[in-house]
Amino acid sequence: MAPNVRSIALERQRPLSGPRVSLHPRHGWADQHHAGNTRTARPRERSDRASLFPSIWLPPEFFYPPIFLVMMVIVALDASVYRALKKDRPHLAWLGLLLDAGLILAAFLAALGFLVEIDSFCLIDQITGERARLIQEASERSAGLIPGISFEAEVPSCQARFGIWIIPLLFTIISLFFLYNVRVWGLPLVMVATVVVVYTVGTALLWMFDLSDNNFLLTKLGADGGDARAAAIQKATNVFITPMALWAGSWISWSIRCSPM
């Protein structure tokens, strides 16, 4: 007698009465418990590929600086000031070489600042081992909690940062980019951008040292009455982290969506 197609479809849609399949890839176990049928846990065999490539977890933010650095190297090679001056003004070729190197240096410093300041990586803490210690201590304090409840155990804050030195580092990077962009953007656009930066920094200094009450001459970096130095450091840190994260993250996401799979 042929089976009833409708009964088979209903049987497939019927939910399991017992607990569902529980997989634990990290430990290599698979527990299956069905109604009326209990199977003991059995170890899952690791594939040859998994044994050759151990599981090394890196946050996606780790890949933003290398991509940014590669893009700036491409810019320096495509719009090389050294190549242009060597052809038109050979006696100034050394200046073009300095500008090309300055662009790559600025990109490297920006990438370094990003990796040091972003909480998902903390480069200096990774090197000194402080981050591993913090994660271990936070994991011990959060033992027995639901995974994901204790965010501190997964992403602790960076302990070693640039501090106040991040501000001159930021100005150095901006200066190197502006010097190079005289060729790419043109002098008028660089002058406009320079005026905007100088106005922002100047009015921020007026706010930090409380030198004026005119709101048109102040750029407030934080709440009134707060720590002006800490606010300035935080804003400079945000300049390192936010633009690169948004740009590189969007670029990686677009590349993954457009890649043939």
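Extension gain, VAL195 to SER142: 0.36 nm times the residue separation minus the Cα-Cα distance gives 14.0 nm.
Label separation (PHE63 vs ALA160): 2.7 nm, computed from points 7 Å beyond Cα along the C-beta direction.
3J(HN,Hα) along segment 82-98, derived from phi through the Karplus expression 6.51 cos²θ - 1.76 cosθ + 1.60 where θ = phi - 60°, amounts to 4, 5, 5, 6, 5, 7, 8, 9, x, 6, 10, 4, 4, 5, x, 5, 5 Hz, with x in place of Gly and Pro. Estimated at 0.36 nm per residue, the fully extended path between TRP94 and ILE127 surpasses their Cα-Cα distance by 8.2 nm.
Each value in this text was obtained by applying a stated rule to the coordinates, not by laboratory testing. Since the structure is predicted, the reported quantities are computational estimates derived from the model, not experimental observations. No Cβ is skipped: glycine too gets one built from the backbone with ideal geometry, and neighbour counts run over all protein chains shown.
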